[in-house]
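A quick write-up on the structure given underneath.
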Amino acid sequence: MSSESIGALIEAERLPDDYAEVVEQYWRPLAEEIARRKDGKRPLLVGINGAQGSGKSTVCRFLEVLLGERGLVAVTLSLDDLYLTRAERRALAASVHPLFATRGVPGTHDVPLGMAVLDRLLAGEPADLPRFDKAADDRDSASRHVPGPVDVVLFEGWCIGAAPQPSYALGEPLNGLERDEDPDGTWRREVNRRLATDYAELFARIDLLIMLEVRDFEAVRANRRLQEEKLGAGPAVMDQAALDRFLAHYQRLTEHMFAELPARADILVEIGRDQRPLRLSTRGQTL
């Protein structure tokens, strides 16, 4: 099963043939480390943090196969699939702040739904995983049924495990979006409040936190452009100007995570500008 399954996944993901070397050098050791942390009792919840376009979804697909080789059933839940519907975000924009119409930051996800899905998976019960259609910018009517039980839950998302900023850091606008559209800081303070409350409760369920660390926000911008191009056509597919504005919503928390999350992550994967891993380490020790 091993080489054939990996080869099929490389082909399905439209990755170059030499990506098999990446799998053997990085993703297989990562799967082995995850398997080592599984204690045989309840399912292990693995949080995978990574900025936009860092390759979280691809990593999870390989981890599912590699963990399967070790007899472990793994399933992936994406934080992106927990986004509020477009109508719900419009209502939030009307009642709290207009910037909440755009998906992405804490406050634009259905946290109770995420908790309910994770609680069912961690209890060994069947669960229906929601889906979000980014090209349509709305939740898909279809869901993915997981019959359960599973051994490992891979919970991936751009702000998985993020901690709130100190209040004094919220005063000055970080970019033009904040300066022009959130001059009094209402939006960013509410994002921060949500991180400190219900999102903190959600992330507290994580047993093992992995960070895919890209170099800087310019790398995020380049990676996200490639990701957008893969979406093809759709009413919510963005041109460069729209993408720049979209990413401005993410910049504050992304740069905050760059600064503080590496020291807290259980496993750190350094990602190069070609979106390939450079180093895999656990609390300072190379795997």
Top-ranked residue in the stretch 223-247 [being farther than 30 Å from A35 by Cβ and under 17 Å from the mean Cα position of the chain (by Cα); ranked as modelled with the lowest pLDDT]: E228
Pair list, Cβ under 8 Å, 6 or more apart: the stretch 78-97 residue free of Cβ contacts under 8 Å to residues at least 24 places away in the same chain, other residue of a type in the set (D, E, K, R) and in a loop (DSSP other than H, G, I, E, B): E88/D110; R89/R103
Leading residue by the ranking (modelled with the lowest pLDDT) among those in the stretch 137-152 that are closer than 21 Å to P106 by Cα and surrounded by 15 or more Cβ atoms within 10 Å (Cβ to Cβ): D137
In the stretch 89-109, residue surrounded by the fewest Cβ atoms within 10 Å (Cβ to Cβ) [restricted to those that are touching a Ser or Thr at 6+ places or on another chain (Cβ under 9 Å) and in a loop (DSSP other than H, G, I, E, B)]: V96
Of residues in the stretch 207-217 being at pLDDT below 85 and part of a loop (DSSP other than H, G, I, E, B), the one nearest to Y26 (Cα to Cα): R215
Which listed residue is of a type in the set (V, I, T), closer than 22 Å to Q52 by Cα and part of a helix (DSSP H, G or I), from V220, V153: V220
Residue list for the stretch 108-155, filter: among the β-branched types (V, I, T) and farther than 30 Å from D239 by Cα: V117, V146, V150, V152, V153
Helices (runs of 4 or more DSSP H) completely within the stretch 15-78 that count 3 or more residues being of a type in the set (A, V, I, L, M, F, W, C): 28-37, 56-69
Filtered residues of the stretch 154-170 (kept if of a type outside the set (A, V, I, L, M, F, W, C), surrounded by 15 or more Cβ atoms within 10 Å (Cβ to Cβ) and out of contact with any strand residue (DSSP E or B) (no Cβ under 9 Å at 6 or more places or on another chain)): P164, Q165
Odd one out for P164 among (1) over 16 Å from S78 (Cα atoms); (2) over 17 Å from the mean Cα position of the chain (by Cα): (2)
Residue match in the stretch 196-219 (condition: over 23 Å from D266 (Cα atoms), in contact with a helix residue (DSSP H, G or I) (Cβ under 9 Å, 6 or more places away or on another chain) and not aromatic (F, W, Y)): no
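One line per residue, one yes/no per condition, for (1) surrounded by fewer than 21 Cβ atoms within 10 Å (Cβ to Cβ); (2) farther than 27 Å from L118 by Cβ:
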{"position": "E21", "(1), (2)": "yes, yes"}
{"position": "R28", "(1), (2)": "yes, no"}
{"position": "R36", "(1), (2)": "yes, no"}
{"position": "L45", "(1), (2)": "yes, no"}
{"position": "I48", "(1), (2)": "no, no"}
{"position": "A51", "(1), (2)": "no, no"}
{"position": "A74", "(1), (2)": "no, no"}
{"position": "L82", "(1), (2)": "no, no"}
Odd one out for P173 among (1) surrounded by 14 or more Cβ atoms within 10 Å (Cβ to Cβ); (2) assigned to a helix (DSSP H, G or I); (3) at pLDDT 95 or above: (2)
Residue within the stretch 118-128 that is assigned to a loop (DSSP other than H, G, I, E, B), closer than 26 Å to G53 by Cα and either out of contact with any helix residue (DSSP H, G or I) (no Cβ under 8 Å at 6 or more places or on another chain) or touching a residue at least 60 places away in the same chain (Cβ under 8 Å) (or both) present: no
Count - residues of the stretch 178-206 that are under 20 Å from H109 (Cβ atoms) and either assigned to a helix (DSSP H, G or I) or touching a residue at least 24 places away in the same chain (Cβ under 8 Å) (or both): 20
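The values are calculated or read from the model by the stated rules, or taken from the named source; none is laboratory data. As the structure is a prediction and not an experimental result, all values here were calculated from the model. So basically every Cβ, Gly included, is an ideal-geometry build from the backbone, and we count neighbours across all protein chains shown.
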